[in-house]
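S.K.: One structure, pasted below without further comment.
The values are calculated or read from the model by the stated rules, or taken from the named source; none is laboratory data. Note that the structure is a prediction, hence the values are computed from the model and not measured. Virtual Cβ from ideal backbone geometry, glycine too; neighbours counted across all protein chains shown.
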Amino acid sequence: MQKINIKEGAKIEDYKAYGSLKSLVEKFLETTKQSVEDLKGCTIWMINSTATGGGVAEMLPSQMRIMRYLGVKIEWMVIEANDQAFFNLTKRIHNAIHGSGDGIFTDEDRAIFEKVNAQNAEKAIAAINDGDLVVIHDPQPMPLAAMIRKKRKVKTLWRCHIGLEQENATTKGVWSFLSNYYDSYDHFVFSLTSYVPEALIEKTSIIPPAIDPLSHKNRILWMSKCLGILQQSGIIREQLPLLYPNYKNQVRRVMPDGSFNTVNHDEELDIIFHPTMLQISRWDRLKGFKELMDAFVLMKKENQKKTDKTSLAYRRIRHTRLALGGPDPAFVSDDPEGMAVLNELIEQYKEMTPELQQSIALLLLPLDNPKENALIVNALQRCATIVVQNSIQEGFGLTATEAMWKQRPVLVSGAAGLRAQVQHDINGKINADPSNIAQLAEALEEMLSNPKERDKWGFNGQIRVVENFTLFSQIRSWLATLAKVR
């Protein structure tokens, strides 16, 4: 078990300085006073499985800084594991909650699950005091609550960031496996009502995820800064002056033969000069990368059938590029499934014509420096014409929230978390079935062909985020829930 220190970051005054956030922050400060008072005298412990990568690790530092500003005592710990069987198991659990896999878990699986958590329990117990509140995030550390409660008189909450709307045999199997740990928790928190298992409905609060508008991934980037990041990371070639040194580890690109090399090794990617569709996610079949690539290829092929090669509609699609970004496998040692999915996409890419390969970029984003990774994602989103999240299943989908905050038009699937954010034809478009290639291709073309509508969706998208999906709405809900449980 490792305690994570939170670095200094944006302060309340920084958020209030933004006109779009000022009234939101002032209302937040007023409405949280009673909850903060109710939480005096205890420490809140957040426990999850990683300090880098993923939505939980991204959200916690900003939330904790604001809570501490309010006077709340809050700490963060991360479980430690080096057992590959544990990683394989927790990935299966994750997939099963999304409805993927067979949902069959054995006594041997439970032994692996509890062994790793037991190895972390002693340090957790040593840090936690009677009367504290302990929040366990997601399945990986779920068995910890019972172990902590054997030695400490604490209230415990389980926060699940993933789910599936429709119950099936797989989800029944995984929730049955996890149900052994339900009694160790006083309360549960989910992102959407439709994700909550029936047995937990009476003890559950709904708190949607949210973004920090001033984090490195979401902060405003002036054009010179945005282009500088794209140069520093190797996405575009260097142009003088370059104010800051290049990143130690550069973005890599899949080459036509399937190898990895610098982004512009064979030819210029030039995404800043082309209409660009972008999706950034981990390499996961549930993210719909393959289907998006198929739809993009279909859109290109249908465009070639047009007779008027001088029309703007034809030329816009001809020059459009698709960028698919995900973790560079050089920095991910515990996700064999992610590498398998990337290899499937590479094989699909290798079979394409040279012209299509030039139009599609599989980008491998380094993870060694969280700040640099966040800035790369920020810059890519800001230079995208359309940000896509074509998830087959999605816990929530903060990549869409991030793009909407940046006034980028978004095209999302009908996955529940995405549908909760995007209002169709108001602040983006929803293509309900991410696996319907023809329908998806039509949606891509329609968005490309309607720049005025894109402007409207982008503008409305930011308003939607400010009103519903910033860290202030999330923290207010957390404080109220924690005060109630205590």
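S.K.: Just to be sure I understand, how many residues within region 1-28 are surrounded by fewer than 15 Cβ atoms within 10 Å (Cβ to Cβ) and touching a Phe, Trp or Tyr at 6+ places or on another chain (Cβ under 9 Å)?
M.R.: Residues that pass the stated criteria total 5.
S.K.: Further, regarding this structure: Run down Lys484, Lys456, Lys452 and say which single residue is of a type outside the set (Phe, Trp, Tyr) and under 18 Å from Ala400 (Cβ atoms).
M.R.: Details: Lys484 fails: under 18 Å from Ala400 (Cβ atoms); Lys452 fails: under 18 Å from Ala400 (Cβ atoms).
Among Lys484, Lys456, Lys452, only Lys456 is of a type outside the set (Phe, Trp, Tyr) and under 18 Å from Ala400 (Cβ atoms).
S.K.: Lys40 versus (1) more than 19 Å from Ile136 (Cβ to Cβ); (2) free of Cβ contacts under 8 Å to residues at least 60 places away in the same chain; (3) assigned to a helix (DSSP H, G or I): which is the lone unmet condition?
M.R.: Checking Lys40 against (1) more than 19 Å from Ile136 (Cβ to Cβ); (2) free of Cβ contacts under 8 Å to residues at least 60 places away in the same chain; (3) assigned to a helix (DSSP H, G or I), the one that fails is (3).
S.K.: While we're on this one: For region 420-450, give me each residue that is part of a helix (DSSP H, G or I), more than 18 Å from Leu292 (Cα to Cα) and of a type outside the set (A, V, I, L, M, F, W, C).
M.R.: Taking region 420-450 as the starting set, the residues that turn out to be part of a helix (DSSP H, G or I) are 420-421, 437-448.
The next check asks that each one be more than 18 Å from Leu292 (Cα to Cα); those that pass are 420-421.
Matches in region 420-450: Gln421 only.
S.K.: Out of everything in region 234-258 that is over 21 Å from the mean Cα position of the chain (by Cα) and closer than 30 Å to Gln63 by Cβ, what residue ends up being modelled with the lowest pLDDT?
M.R.: Across region 234-258, the extreme among qualifying residues is Tyr244.
S.K.: May I pose another question? Under 6 Å by Cβ, and 6 or more places apart or on different chains, what pairs join a residue from region 340-355 that is assigned by TED's automatic domain parsing to the domain that holds Met299 with one that is surrounded by fewer than 16 Cβ atoms within 10 Å (Cβ to Cβ)?
M.R.: As it stands, the answer is Ile346/Gly258; Lys350/Gly258, since those pairs meet every condition given.
S.K.: Another question about this same structure. Conditions first: (1) within 16 Å of Gln279 (Cα to Cα); (2) not in a helix (DSSP H, G or I). Arg382 passes all but one, so which condition is the exception?
M.R.: Failed condition: (2).
S.K.: Here is a further query. Identify, from the list Ser100, Ser191, Ser176, Ser184, the residue that is more than 23 Å from Met64 (Cα to Cα) and under 25 Å from the mean Cα position of the chain (by Cα).
M.R.: Details: Ser191 fails: more than 23 Å from Met64 (Cα to Cα); Ser176 fails: under 25 Å from the mean Cα position of the chain (by Cα); Ser184 fails: under 25 Å from the mean Cα position of the chain (by Cα).
That would be Ser100, the only listed residue that is more than 23 Å from Met64 (Cα to Cα) and under 25 Å from the mean Cα position of the chain (by Cα).
S.K.: Are any residues in region 330-355 at pLDDT 95 or above and assigned to a loop (DSSP other than H, G, I, E, B), and if so, which ones?
M.R.: Glu351, Met352, Thr353
S.K.: To continue, here is another question. Could you tell me how many of the residues in region 134-147 are buried (at least 22 other Cβ atoms within 10 Å of the Cβ), among the aliphatic types (A, V, I, L, M) and either part of a loop (DSSP other than H, G, I, E, B) or more than 26 Å from the chain's Cα centre (by Cα) (or both)?
M.R.: Residues of region 134-147 that are buried (at least 22 other Cβ atoms within 10 Å of the Cβ), as a first pass: 134-145.
Next, only the ones that are among the aliphatic types (A, V, I, L, M) stay: 134-136, 142, 144-145.
Pick out the ones that are also either part of a loop (DSSP other than H, G, I, E, B) or more than 26 Å from the chain's Cα centre (by Cα) (or both) and you get 142.
Summing the residues that are buried (at least 22 other Cβ atoms within 10 Å of the Cβ), among the aliphatic types (A, V, I, L, M) and either part of a loop (DSSP other than H, G, I, E, B) or more than 26 Å from the chain's Cα centre (by Cα) (or both) in region 134-147 gives 1.
S.K.: For region 430-441, does any single residue satisfy the condition of being surrounded by 17 or more Cβ atoms within 10 Å (Cβ to Cβ), at pLDDT 95 or above and either in the same structural domain as Leu192 (by TED's automatic domain parsing) or touching a His at 6+ places or on another chain (Cβ under 7 Å) (or both)?
M.R.: Yes.
S.K.: To continue, here is another question. From the list Ile280, Ile271, which residue is modelled with pLDDT of 95 or more, crowded, with 17+ Cβ neighbours inside 10 Å, of a type outside the set (Gly, Ala, Ser) and within 20 Å of Leu227 (Cβ to Cβ)?
M.R.: Values: Ile271 fails: modelled with pLDDT of 95 or more.
When all the criteria are applied, what remains is Ile280.
S.K.: Since Arg464 meets every condition but one in (1) buried (at least 24 other Cβ atoms within 10 Å of the Cβ); (2) touching a strand residue (DSSP E or B) at 6+ places or on another chain (Cβ under 9 Å); (3) more than 23 Å from Phe296 (Cα to Cα), which condition does it not meet?
M.R.: Of the numbered conditions (1) buried (at least 24 other Cβ atoms within 10 Å of the Cβ); (2) touching a strand residue (DSSP E or B) at 6+ places or on another chain (Cβ under 9 Å); (3) more than 23 Å from Phe296 (Cα to Cα), the odd one out for Arg464 is (1).
S.K.: Say we look at region 153-175 and pick out the residues that are outside any loop (DSSP other than H, G, I, E, B) and of a type outside the set (A, V, I, L, M, F, W, C); which of these is surrounded by the fewest Cβ atoms within 10 Å (Cβ to Cβ)? Don't jump to the end; show me each part of the working.
M.R.: Narrowing region 153-175 to residues outside any loop (DSSP other than H, G, I, E, B): 155-160, 169-175.
Still in the list and also of a type outside the set (A, V, I, L, M, F, W, C): 155-156, 159, 170-173.
Values: Lys155: 18, Thr156: 22, Arg159: 22, Thr170: 19, Thr171: 22, Lys172: 13, Gly173: 16.
By that ranking, first place goes to Lys172.
S.K.: Hey, among the residues in region 196-214 that are of a type in the set (A, V, I, L, M, F, W, C) and within 23 Å of the chain's Cα centre (by Cα), which one's surrounded by the fewest Cβ atoms within 10 Å (Cβ to Cβ)? Lay out the reasoning, then the answer.
M.R.: Restricting attention to region 196-214, the residues satisfying the condition of being of a type in the set (A, V, I, L, M, F, W, C) are 196, 199-201, 206-207, 210-211, 214.
Narrowing further to those that are within 23 Å of the chain's Cα centre (by Cα): 196, 206-207, 210-211, 214.
Working: Val196: 20, Ile206: 15, Ile207: 20, Ala210: 23, Ile211: 23, Leu214: 20.
Among those that are of a type in the set (A, V, I, L, M, F, W, C) and within 23 Å of the chain's Cα centre (by Cα), it is Ile206.
S.K.: For residues in region 215-232 being basic (Lys, Arg) and under 17 Å from Arg408 (Cα atoms), which is surrounded by the most Cβ atoms within 10 Å (Cβ to Cβ)?
M.R.: Taking region 215-232 as the starting set, the residues that turn out to be basic (Lys, Arg) are 217, 219, 225.
Filter again for under 17 Å from Arg408 (Cα atoms), leaving 217, 219.
Details: Lys217: 23, Arg219: 15.
By that ranking, first place goes to Lys217.
S.K.: For region 41-68, how many residues are hydroxyl-bearing (Ser, Thr, Tyr) and modelled with pLDDT of 95 or more?
M.R.: Keep residues of region 41-68 that are hydroxyl-bearing (Ser, Thr, Tyr), which gives 43, 49-50, 52, 62.
Subset that is modelled with pLDDT of 95 or more: 43.
The total comes to 1.
S.K.: Same structure again: Just for region 96-120: of the residues that are in contact (Cβ under 8 Å) with a residue 40 or more places away in the chain and either aromatic (Phe, Trp, Tyr) or not in a loop (DSSP other than H, G, I, E, B) (or both), which one is surrounded by the fewest Cβ atoms within 10 Å (Cβ to Cβ)? Walk me through it before giving the result.
M.R.: Filtering region 96-120 for residues in contact (Cβ under 8 Å) with a residue 40 or more places away in the chain gives 96-105, 109-110, 120.
Remaining after also requiring either aromatic (Phe, Trp, Tyr) or not in a loop (DSSP other than H, G, I, E, B) (or both): 96-97, 105, 109-110, 120.
Details: Ala96: 26, Ile97: 26, Phe105: 19, Asp109: 17, Arg110: 14, Asn120: 22.
Per the stated criteria, the residue is Arg110.
S.K.: Please state which one of Ile74, Ile125, Ile93 is β-branched (Val, Ile, Thr), part of a helix (DSSP H, G or I), surrounded by 19 or more Cβ atoms within 10 Å (Cβ to Cβ) and at pLDDT 95 or above.
M.R.: Details: Ile74 fails: part of a helix (DSSP H, G or I); Ile125 fails: surrounded by 19 or more Cβ atoms within 10 Å (Cβ to Cβ).
It is Ile93.
S.K.: Which members of region 394-416 meet the condition of being small (Gly, Ala, Ser), touching a strand residue (DSSP E or B) at 6+ places or on another chain (Cβ under 9 Å) and buried (at least 19 other Cβ atoms within 10 Å of the Cβ)?
M.R.: Taking region 394-416 first, the residues small (Gly, Ala, Ser) are 395, 397, 400, 403, 413-416.
Then keep just the ones that are touching a strand residue (DSSP E or B) at 6+ places or on another chain (Cβ under 9 Å); that gives 395, 397, 400, 403, 413-415.
Of everything in region 394-416, those that are small (Gly, Ala, Ser), touching a strand residue (DSSP E or B) at 6+ places or on another chain (Cβ under 9 Å) and buried (at least 19 other Cβ atoms within 10 Å of the Cβ) turn out to be Gly395, Gly397, Ala400, Ala403, Ser413, Ala415.
S.K.: Determine the pairs where a residue that is under 16 Å from Ile220 (Cα atoms), located within region 9-26, has a partner that is among the hydroxyl-bearing types (Ser, Thr, Tyr) and surrounded by 15 or more Cβ atoms within 10 Å (Cβ to Cβ) with Cβ atoms under 9 Å apart, the partner being 6 or more residues away or on another chain.
M.R.: Matching pairs, first to second residue: Gly9/Ser62; Gly9/Ser215; Ala10/Ser62; Ala10/Ser215; Tyr15/Thr470; Leu21/Tyr15; Leu21/Thr470.
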